[in-house]
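The values are calculated or read from the model by the stated rules, or taken from the named source; none is laboratory data. Just so it is clear, the structure is predicted and the values come from calculations on it, not from any experiment. A quick note on method: Cβ atoms are made from the backbone with ideal geometry, for glycine too, and the neighbour counts reach across all protein chains shown.
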Amino acid sequence: MTNIEFESILKKYNLTKKEFASLCDLPYQTLMNWKQSDKTPSWVKSWLENYIKAQSYEELKNKVFEIENIQ
């Protein structure tokens, strides 16, 4: 994944680089190094896919709880 693709996915899902770095327990500078090399590690793509799925699941779960009046 190129850095442009990485940044595009982050933007699409309203996730900043600082938030991503924090979620992955990475120094922010690591992401800046990826930008310089224009490559991200292979695990980043699958991590983002799983994060997006988890966020979608959480939204769906919350909606069901709201509809069913479950706390």
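Would you check which residues across region 15-36 are under 16 Å from residue 52 (Cβ atoms) and among the aromatic types (Phe, Trp, Tyr) and list them?
If the condition is that a residue be under 16 Å from residue 52 (Cβ atoms) and among the aromatic types (Phe, Trp, Tyr), then 20 is the only one that fits.
Give all pairs with beta carbons closer than 6 Å in which a residue from region 7-18 that is closer than 19 Å to residue 39 by Cβ meets a residue that is at pLDDT 95 or above and of a type in the set (A, V, I, L, M); count only pairs at least 6 apart in sequence or on separate chains.
Filtered contacts from region 7-18: 9/48; 17/31.
Within region 52-61, does at least one residue satisfy the condition of being touching a helix residue (DSSP H, G or I) at 6+ places or on another chain (Cβ under 9 Å), surrounded by 10 or more Cβ atoms within 10 Å (Cβ to Cβ) and either closer than 16 Å to residue 7 by Cβ or acidic (Asp, Glu) (or both)? So that I can check it myself, show each step before the final result.
So in region 52-61, the residues touching a helix residue (DSSP H, G or I) at 6+ places or on another chain (Cβ under 9 Å) come out as 52.
Checking the rest, the ones that are also surrounded by 10 or more Cβ atoms within 10 Å (Cβ to Cβ) come to 52.
Cutting the leftovers down to either closer than 16 Å to residue 7 by Cβ or acidic (Asp, Glu) (or both) gives us 52.
Yes - at least one qualifying residue is present in region 52-61.
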